[in-house]
Amino acid sequence: MLLAGCAYDPTDSKDTKKLEVYAFSVGKADALLGKTADAAVMIDTGENGDGEQLAAALKDLGVEKLDLLILTHFDKDHIGGADTVIREIPIDRIILPAYDKESKQYTQLMAALAQTDAAVSCLSQDMSMRYGEMDLSVWISPVPFDGKSDNEQSLITKIVYEGKTYLFMGDAEGDELKKLVSGTKDLSCDVLKLPHHGVYDESTLLLMTVTMPSYVIICDSAKNPAEAETIETISCFDPVILQTKDGDVHLTVSEGVIKSE
């Protein structure tokens with residue numbers, strides 16, 4: 001069950017300064033949340049059928065609205081629940097990559113966007129913003145869209161809170177990942193949401209070298225776990241590996257200390 005044991009505790013003081021990061025266990029799919037006392041940012045929404053469960057989980061966590069929803073790319077395992085989340089949870093702003101797709105999930109997403117009051121942006125350049133105590137940057141893919149590889153169009157999200165950095169990499173792979181790890185962007189982080197559900201990429205080793213995270217989150221499932229070569233590679237760097245195949249991932253950072261809950 002989604003968020004079993006992770007329900008919102010109303011006795012927890014809203015004055016407590018902390019960032020909570022959740023990676024919800026929704027199969028081989030991405031659905032992530034960054035939450036402080038005064039802001040909530042969601043990245044991707046799982047597959048079709050996950051929307052109701054995710055909306056309920058947000059409400060259980062005390063999230064009355066999302067300040068920002070980022071959809072990294074238009075594959076069904078990242079936008080499948082978006083139409084339901086958009087209809088059930090008030091959202092201030094929604095950010096999308098700047099390309100189109102022909103699919104049932106994309107059509108459902110566009111229909112929901114046509115009905116929302118949220119400000120919708122198709123990102124054509126990198127941007128930075130601040131939500132509460134979170135400094136947030138969203139980077140576009142350095143690879144032009146070839147009409148085929150959605151994964152290589154993944155938006156990359158970087159959140160900095162109390163000096164700790166979280167890097168969420170969508171499904172970046174192939175040429176996008178190669179250009180990112182060999183480029184000029186600062187990819188160093190304390191927590192890395194590994195791209196593409198733990199599928200091994202020729203740039204995985206270099207990604208770990210330039211990020212050097214203390215924690216690695218992998219959005220996988222028991223049916224489709226991260227590849228053994230990926231686990232072997234990242235284990236060489238000795239991070240704590242957290243996989244959604246084992247259940248919901250919940251990290252907190254408070255007073256500069258990251259903990260796995």
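The values are calculated or read from the model by the stated rules, or taken from the named source; none is laboratory data. All figures in this text were calculated on a predicted structure; none of them were measured in a lab. Note that we place each Cβ from the backbone using ideal geometry, even for glycine, and neighbour counts take in every protein chain shown. Areas reflect the complete protein model, heavy atoms only, side chains present, ligands, DNA and RNA absent. Shrake-Rupley method; radii C 1.70, N 1.55, O 1.52, S 1.80 Å.
What to note about this one:
- Binned Cα-Cα distance frequencies in segment 56-111 - 5 Å width, integer %: 4, 18, 30, 25, 15, 6, 2
- Alpha carbon Rg of segment 38-155, scaled by the compact-globule rule 2.2 N^0.38 Å: 1.02
- Of the beta bridges in the chain, as assigned by DSSP with both residues counted there, near 60 percent are antiparallel.
- Relative contact order for segment 86-144, counting Cα pairs under 8 Å that sit 6 or more residues apart, in percent: 35
- Cα gyration tensor category, rounded, prolate or oblate, for segment 107-261 with a/c compared to 1.5: rounded
- Solvent-accessible area per residue in segment 153-261 equals 41 Å², computed with a 1.4 angstrom probe and all protein chains kept.
- Normalised contact order of the chain, rounded percent, pairs of Cα under 8 Å and 6 or more residues apart: 18
- Calculated from backbone phi, Karplus (6.51, -1.76, 1.60) coupling profile of segment 55-60 in Hz, x at Gly/Pro: 4, 5, 5, 4, 5, 4
- Apportionment of accessible area to carbon and sulfur, segment 57-174, percent (1.4 Å): 43
- Taking the DSSP bridge list for segment 12-78 and keeping only pairs wholly inside it, about 75 percent are antiparallel.
- A Gaussian network model of the chain, with springs between Cα atoms under 10 Å, assigns the largest mean-square fluctuation among K193, K245, K223 to K223.
- Rounded to whole numbers, the Karplus 3J(HN,Hα) couplings from phi for segment 77-83 are 7, 10, 10, x, x, 5, 4 Hz, using 6.51 cos²θ - 1.76 cosθ + 1.60 with θ = phi - 60°, and x at Gly and Pro.
- GNM result for the chain, Cα springs below 10 Å: residue of K35, K18, K104 fluctuating most strongly: K104
- Solvent-accessible area of D175 with every protein chain in place, 1.4 Å probe, in Å² to the nearest 10: 80
- Relative contact order of segment 128-261, defined on C-alpha pairs under 8 angstrom at six or more residues apart (%): 17
- Using a probe of 1.4 Å, the accessible surface attributed to F145 totals some 80 Å² when neighbouring protein chains are kept in position.
- 3J(HN,Hα) along segment 234-248, derived from phi through the Karplus expression 6.51 cos²θ - 1.76 cosθ + 1.60 where θ = phi - 60°, amounts to 6, 5, 4, 9, 6, x, 6, 9, 10, 10, 6, 4, 9, x, 4 Hz, with x in place of Gly and Pro.
- Amide H contacts of I43 (H built 1.01 Å from N, in plane; Pro and chain starts excluded): L32, L33, G34, I70 sit under 5 Å, all sequence-distant by 5 or more or on other chains.
- Order by protection proxy (mean Cβ within 10 Å, highest first), peptides 200-211, 38-49: 38-49, 200-211
- Of all beta bridges that DSSP places with both ends in segment 68-194, some 60 percent have antiparallel geometry.
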